[in-house]
Amino acid sequence: MNFDESLSYLLSLGHETLAMKLGLDGVSRLLALLDDPQKSYPAVQIAGTNGKGSTAAMLDAVCRAARVRAGLYTSPHLVSITERVRVGGGEVAREEFARAATRGRAAAEEVERATGALPTFFEQVTAAALLVFKEAGVRVAILETGLGGRLDATTAAGASVVAVTPVALDHQEHLGRTLEEIAAEKAAIIRPGVAAVVAPQEPAAEAVILRRCRECGVEPRLVTSANARVEEAGADGRLRVSFTTGRGTYTRVRLGLRGRHQLVNAATAVALAEVLAERGFEIAPENVVAGLEGAEHPGRLELREGSPALLFDGAHNAAGARALRAYLDEFARAPVTLVFGAMRDKEVEEIGRALFPAARRLVLTQADNPRSALVEDLVRAIPRDTDLSTISLAPSARDALAIARAVTPPEGTVCVTGSLYLVGEVMRLLGD
């Protein structure tokens with residue numbers, strides 16, 4: 001298959017969340033037929049509700065600064081599926097992705113013949129990524145967990161270093177209704193013999209994660225607020241921070257990613273970088289600083305200056321919405337217009353309570369995605385005391401962007417949020 005054919009094939013497997021199948025049997029069989037490419041390099045797996053992608057992006061940037069050839073696997077993508085698979089900081093070439101996907105398809109069809117079940121979109125893309133990393137000769141793979149941890153396809157890679165970023169309520173229909181149940185799913189990536197980094201957690205989640213560590217005989221490396229402090233915050237929301245760890249001190253680091261919540265993610269990335277250094281990777285303190293300062297993570301508090309400014313952030317759950325709200329209140333150029341669309345399985349009312357009061361104008365829309373909530377469903381999430389004259393309804397992302405630009409003065413900010421799928425759709429409209 002060429003690239004277009006491979007993309008068409010993968011998309012034909014169904015939307016990655018609607019057609020997903022949690023479990024490791026299918027992906028493990030798939031990888032075995034591909035000669036287990038994941039055994040060619042050590043891996044770092046990062047799970048959590050929020051911050052896992054940012055932490056992965058920071059660690060990848062640290063590796064680049066240290067000239068450690070790393071593979072980075074993240075999801076979902078915004079514009080092109082090749083965003084999910086990066087080697088040495090660059091997206092995989094379309095031809096290389098197609099070659100890996102073609103091999104993956106042949107193996108997947110063999111799995112189907114043997115078991116009656118065809119590996120899913122996410123399983124096949126994960127396998128393709130791990131195959132690309134082997135062929136590219138990476139020294140380490142950095143894997144962002146897709147959903148949960150215990151049964152996520154990335155867990156089949158058998159990472160020797162793992163991290164759990166802050167856990168919050170999300171994907172309850174798959175992971176459990178309580179914080180403890182969700183934490184247990186994510187903590188399951190901790191296994192005997194791994195090095196585990198644990199970010200600050202809510203007490204209920206922390207208790208579950210630490211119990212898992214004890215059960216596996218793993219002494220976790222705990223990231224605490226005492227390890228990190230904010231020195232100052234720039235006008236654009238980038239923090240200058242200092243970290244003190246058992247291995248060293250990193251002073252006045254200007255984080256490349258915006259928002260106060262990135263302090264925890266950066267501290268977690270520092271801990272992971274130190275684990276890799278202890279395991280023989282040539283990562284010096286100056287590499288850690290350079291990586292944190294140069295890290296990028298598209299679609300996560302990504303600011304584009306202009307008249308008005310454009311701000312992109314997924315904020316697809318309540319915790320993410322609160323982090324975005326804090327950023328808008330402290331750093332965004334006012335007035336703010338929110339372009340908002342969400343998936344129907346999200347707690348839209350709670351997200352709306354956090355975000356909607358920050359906006360002078362609100363444009364509700366529906367992303368081109370089978371999981372999208374209808375605009376009329378989003379209307380029900382509007383707080384009762386909202387001035388309805390400040391709200392616009394748009395049938396598409398294109399219409400929503402046009403309305404937002406028309407009602408926002410040049411000195412203001414248009415913030416596209418509520419779903420990374422909406423963010424990606426708007427970026428495609430802008431020609432990204």
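Details
- Region 3-294 - charge dipole about Cα centre, Lys and Arg +1 at Cβ, Asp and Glu -1, debye rounded to 20: 680
- Farthest positive-ward along region 300-429 dipole, Cα basis, beta-carbon charges - from Leu364, Leu374, Leu420: Leu420
- Gain upon complete extension [Arg279, Asp387; 0.36 nm per residue less C-alpha separation]: 33.1 nm
- Using C-alpha pairs under 8 Å with a sequence gap of at least 6, the mean separation divided by the residue count of the chain gives a relative contact order of 16 percent.
- By the Stokes-Einstein formula, at 1.002 mPa s and 20 °C, the chain with its Kirkwood radius over alpha-carbon pairs has D equal to 97 µm²/s.
- Measuring between their Cα centroids, region 277-297 and region 48-74 lie 10 Å from each other.
- Here the residues Asp329, Asp152, ranked from fewest to most Cβ neighbours within 10 Å of their Cβ, fall in the order Asp329, Asp152.
- Taking amide H atoms as placed 1.01 Å from N in the peptide plane, the amide H of Gly256 lies under 5 Å from those of Glu293, Gly294, Ala295, each 5 or more residues away in sequence or on another chain.
- Here the dipole of region 256-350 is about 300 debye; that uses its Cα centre as origin and unit charges on the Cβ of Lys and Arg (positive) and Asp and Glu (negative).
- Rounded to whole numbers, the Karplus 3J(HN,Hα) couplings from phi for region 136-144 are 7, x, 5, 8, 7, 10, 10, 10, 7 Hz, using 6.51 cos²θ - 1.76 cosθ + 1.60 with θ = phi - 60°, and x at Gly and Pro.
- Summing Cβ point charges (Lys, Arg +1; Asp, Glu -1) relative to the Cα centre of region 1-113 gives a dipole of roughly 400 debye.
- Ascending count of other beta-carbon atoms within 10 Å, so fewest first, for Phe122, Phe133: Phe122, Phe133
- Pairwise inverse Cα distances across region 387-432, averaged and inverted, put the Kirkwood hydrodynamic radius at 11.5 Å.
- Two-site FRET efficiency, Asp345 against Arg240, from Cβ-Cβ distance with R₀ of 41 Å, rounded to 0.05: 0.60
- Relative exposure of Val270, Val223, Val111, judged by other C-beta atoms within 10 Å (fewest first): Val111, Val223, Val270
- Farthest toward positive dipole pole in the chain [+1 Lys/Arg, -1 Asp/Glu at C-beta], among Ala309, Ala319, Val275: Val275
- Total lysine pairs whose alpha carbons fall under 21 Å of each other in the chain (8 or more apart, or interchain): 6
- Whole-number D in µm²/s for region 300-429 (Stokes-Einstein; Kirkwood sum over Cα pairs; 10 °C, 1.306 mPa s): 114
- Net charge of neighbours whose Cβ lies under 11 Å from the Cβ of Asp35, counting Lys and Arg as +1 and Asp and Glu as -1: +2
Every number here is computed from the coordinates shown, using simple stated rules; none is lab data. Since we're looking at a predicted model, the values are computed, not measured. Virtual Cβ from ideal backbone geometry, glycine too; neighbours counted across all protein chains shown.
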